[in-house]
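Below is one structure, written out as structure tokens; the observations come after it.
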2 protein chains.
Amino acid sequence: MLRYICTMGIVRRTKSVDAILEEFKINSGAISVVSLVDQLSSRFNKTTVYRVLDRLEEDGILHSFLGKTGIKWYAKCSGCSASEHHDVHPHFQCLSCGKVDCLTVNVRIPSIPNRKVEASQILLQGQCEACLV
Amino acid sequence: MLRYICTMGIVRRTKSVDAILEEFKINSGAISVVSLVDQLSSRFNKTTVYRVLDRLEEDGILHSFLGKTGIKWYAKCSGCSASEHHDVHPHFQCLSCGKVDCLTVNVRIPSIPNRKVEASQILLQGQCEACLV
DNA sequence: TTATTAATGCAACTGTGTTGCAAATGTAAA
DNA sequence: TTTACATTTGCAACACAGTTGCATTAATAA
Ligand SMILES: [Mn+2]
Ligand SMILES: [Mn+2]
Ligand SMILES: [Zn+2]
Ligand SMILES: [Zn+2]
């Protein structure tokens, strides 16, 4: 008997999956993988953290992007699924407190002569609400 | 006798400086550090390449940014100096041929409630003029 | 030509992320 | 409950981009 198994995303509810989802419940913004690995280092191996994040992204539960210095950040998706990630938006990093989060604003990319824009990564930096005195 | 020396940027015209500037004369777009190190590996050490690029950026001759995968790219500045880098613009990476270059378009960042935007990194991806059939 | 010090090469290192594989664990079926 | 087995994990080793310290070389001003 032949079975077609599509292995991707989260299949089993493990302790590491719960722990990582819990972090995103506590923290409403984006979380860097570096800090997540550090935070969970006593309970899970860094490889596990990287792999669980991968799977959560495949499932459309989290999405990722690179911060200013090239390290990876994850944030919760809203309204994405394993089949479609339509969660494209700018991210904002506070230069004072370092907090990073998703923006709901829509940045209009002007059409560029002789080029077809298919994707965009926008990272804004400045002062967040808490740090604006 | 005391002398105040401000060591930054290019002070001496060396072979590596000339070789790297030559690469940017040949190639009008952006060049990744990885490919530059590779290209020049028979003549210069990678550390030298990194350091010369640093200095050229300090001088306002080149500017740098990160590509989609987090590796560093450099491109020529136009109208910058050691004192002011006012060369902020989006960059475009072709998904077909991999070519990366600077865009002259002005992307308007909408004002964001309760936040002060002080900097922006915008990377667009799609098809370049050559790859648009 | 000489003295000075910027620039270079090299080797070793750092930080982020990945891979292969054996062992452990979650889950569905018996 | 027990069993069977694919998924998930931990570990160690690795890959890769970029950095650092230091002795040596070379550009330049005197
Ligand atoms: Mn986001
Ligand atoms: Mn540019
Ligand atoms: Zn802040
Ligand atoms: Zn192209």
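How crowded by other chains is B:90-103, given as the mean number of beta carbons from other chains within 10 Å of each beta carbon?
Averaged over the peptide's residues, the number is 2.
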**Prompt:** How far apart are the B:ARG108 label points across copies, placing each 7 Å from Cα toward Cβ, in nm, shortest first?
**Reply:** 0.6
**Copies compared at A:ARG43 - label distances in nm, ascending, label defined 7 Å from Cα in the Cβ direction** = 5.5
**Request:** Could you work out the Kirkwood radius for the stretch A:64-133, taking every pair of different alpha carbons, averaging 1/r and inverting it, reported in Å?
**Result:** 13.9
**Prompt:** Along its principal axes, what span do the Cα atoms of the protein assembly as shown show, with the longest given first and each in whole Å?
**Reply:** 73, 53, 39
**Message:** Cut-off under 21 Å on the C-alpha distance; same-chain residues fewer than 8 positions from A:LYS76 excluded. Which lysines are left, in chain and number order?
**Reply:** A:LYS15, A:LYS25, A:LYS46, A:LYS68, A:LYS99, B:LYS68
**Message:** I'm checking a number: the convex hull volume of the Cα atoms of chain A, normalised per residue, in Å³. What is it?
**Reply:** 163
**Request:** For A:VAL117 paired with B:ALA130, estimate the spin-label separation in nm (one decimal), with each label point 7 Å from Cα along the Cα-to-Cβ line.
**Result:** 2.3
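How high is the FRET efficiency between A:GLU58 and B:GLU23 when r is their beta carbon distance and R₀ equals 41 Å, given to the nearest 0.05?
Once the sixth-power term is evaluated, E becomes 0.55.
Every read-out reported here was derived from the displayed coordinates using simple, explicitly stated rules and does not represent laboratory data. Given the structure is predicted, the values throughout are model-derived calculations rather than measurements. Don't worry about glycine lacking a Cβ; one is built from the backbone with ideal geometry, like all the others, and counts go over all protein chains shown.
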